[in-house]
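Each value in this text was obtained by applying a stated rule to the coordinates, not by laboratory testing. Quick caveat, the model's predicted, so the values are computed rather than measured.
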Amino acid sequence: MDTVIFGVLLLAAVAVLQGRSRRDVLIVFAGGLVVVLLLFNHHVTSSLNLEF
């Protein structure tokens, strides 16, 4: 999953370097941000089954 996120952010960087419109770059970046936040939410809410 992390590889996919890095790929999306790399696409946003390539779009900036290619001189694409601001709208296109923001759409790709926002998509990556949503995926990052969903992954963060998954990790924060998962329980750790620890027994001491």
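Below is a table of values for the structure above.
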item	result
Between 0 and 90°, nearest 10: helix 2-18 axis offset from the chain longest Cα axis	20
Which labelled figure in [x] 55, 16, 11; [y] 35, 18, 11; [z] 78, 17, 7 is Cα extents along the principal axes in Å, once derived from the coordinates	[x]
In sequence order, calculated HN-Hα J values of region 44-52 (Karplus, 6.51, -1.76, 1.60; Hz; x Gly/Pro)	5, 8, 6, 8, 9, 7, 9, 10, 10
